[in-house]
Structures are given as C-alpha cells and as structure tokens.
Amino acid sequence: MRAFVALDLPDDMADALDRLQDKLTVGRHVPADDFHLTLAFLGDTTPDTLEELHHRLDMMTWPVLSLAVTGIDIFGTANPRALYARIDGGAPLSALQKRIETFARAAGIDLPRRRFVPHVTLARFSNTMPEDQMAKVGRFLSAHGDWTMPPFAPPSLTLYRSHLSEGGPIYEALERYGPAGPLGDQGQVGHVHWME
C-alpha cells in the first residue's frame, strides 16, 4: 500500500489557505481537509513494515516546532505541475524530517535521496496547460506570491495511506501522534486499518 508521513495543519491555517486557494481559477484544487506537509513519502509498503515504523513513531520524542508560510510558488516553471505554500520551520523541522527518514529506513523502507522542500500543495495542474491558464497562474502568483501567515504549531503527525483515484489521491489516516505521544481514541486511528 502507498503511504506517507506528514504534519497536519491547524484548522485556522487550513481555512486561511482554503480562502486563498479560492482565488485561483485553474487547476485541480486540493481539498482543505487534505492539506498537509509531507515529511517522507514511503511508496508501496507492507503492513509489517508500517507496523515497524509505527512503533518507532510511537516512541518518538515530540519536537518543539514553529512553522510559517513564507509565500506561494509553483513546482515546474515551463510546465507547472503544482501550486504550493512554502513552509519555513528552520532547523527543528529539518531535524524532524531527517529523523522520520531514518525511522523509515530502519523499518526497511528504501527511500530515495531527495532534497526536502517543506510545502503544502494547494492545487495540481495537468501535464499540458493552455497559455490562457498559464497566464492566470502567473497573475495569481503576481498578486499572492508574497502571501504569508504568522508562525503556527502543527497539531499532529500522521501516518497516511494514499488511495489513487481518477479524481486525485484519497488520504486515509492510519495513525496520529501528538506532542504527548499517540493521540488516543480521539485521534489515533489504529493498526487494524493497515492490517486488513
């Protein structure tokens, strides 16, 4: 199963990004409930591997994080693939991301080596975008590229399963972790979902 580990956003931050996203009239918008900051994309994994990773995340000491949106940008210039909010979390965020990668590799997951670009995806674009839509993206960036938000603390870290569909990926939370460890019945989803 396809899985990834991500930080969740507070409701007020997701709402603010959702209102900004409404100003973009092209692309496939990511639902506000799906906004997240991916720390490690795990690819196709087995239930046993996810169970091993879960135990490592379960024992992790929760770091003090302060994240901020520092602007809006796109991946791909000549052929944009996605529009995203840049996130700055400084050294603590980078250290957490490296720790998650270390946990994943120790659990037996072969992660590719790639540069970590902290971001929250807001919209995805088709492989070939007409010039008029490209122009709309350009105008959106001119008007909102410097959009920022005050620092915020992520409420939880989540182990997600990703289901591919024609309308885009569907995310299923398998387990959530918070500053005091697993979030318990109100947030922890439980291993049964990935053991089925």
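Going through the stretch 1-42 one residue at a time, which ones are buried (at least 17 other Cβ atoms within 10 Å of the Cβ) and part of a loop (DSSP other than H, G, I, E, B)?
Hits for the stretch 1-42 are M1, L9, L24, V26, G27, V30, F35.
Hey, among R161, R139, R176, which residue is of a type outside the set (V, I, T), at pLDDT 90 or above and in contact with a Pro (Cβ under 8 Å, 6 or more places away or on another chain)?
R176
What's the total number of residues in the stretch 92-128 that are modelled with pLDDT of 95 or more and part of a strand (DSSP E or B)?
The total comes to 5.
With under 15 Å from the mean Cα position of the chain (by Cα) and over 28 Å from D44 (Cα atoms) as the only criterion, which of L96, L67, L83 stands out?
L67
In the stretch 26-63, which residues are touching a residue at least 40 places away in the same chain (Cβ under 8 Å) and among the aliphatic types (A, V, I, L, M)?
Correct list: V26, V30, L37, L39, A40, L42, L50, L53, L57, M60.
Could you say which residue among S94, S156 is small (G, A, S) and within 25 Å of H29 (Cβ to Cβ)?
None of the others qualify; the one that does is S156.
What are the residues in the stretch 59-77 that are out of contact with any His (no Cβ under 9 Å at 6 or more places or on another chain), at pLDDT 95 or above and under 15 Å from G27 (Cβ atoms), if any?
I74 - this is the single residue of the stretch 59-77 that is out of contact with any His (no Cβ under 9 Å at 6 or more places or on another chain), at pLDDT 95 or above and under 15 Å from G27 (Cβ atoms).
Is it the case that the stretch 77-91 has a residue that's in contact (Cβ under 8 Å) with a residue 60 or more places away in the chain, buried (at least 18 other Cβ atoms within 10 Å of the Cβ), touching a strand residue (DSSP E or B) at 6+ places or on another chain (Cβ under 9 Å) and outside any helix (DSSP H, G or I)?
yes
Can you name the residue in the stretch 149-175 that is within 16 Å of F41 (Cβ to Cβ) and among the aliphatic types (A, V, I, L, M) and is also surrounded by the fewest Cβ atoms within 10 Å (Cβ to Cβ) among such residues?
L164
Looking at the stretch 124-148, I want the residues that are closer than 25 Å to V69 by Cα and loosely packed, with under 13 Cβ neighbours inside 10 Å and have a partner that is at pLDDT below 90 and of a type in the set (A, V, I, L, M) with Cβ atoms under 7 Å, at least 6 apart or on another chain. Which pairs are those?
none
The values are calculated or read from the model by the stated rules, or taken from the named source; none is laboratory data. This is a predicted model, so every value here is computed, not measured. Quick reminder, even Gly has a Cβ in these numbers, built from the backbone with ideal geometry, and neighbours come from all protein chains shown.
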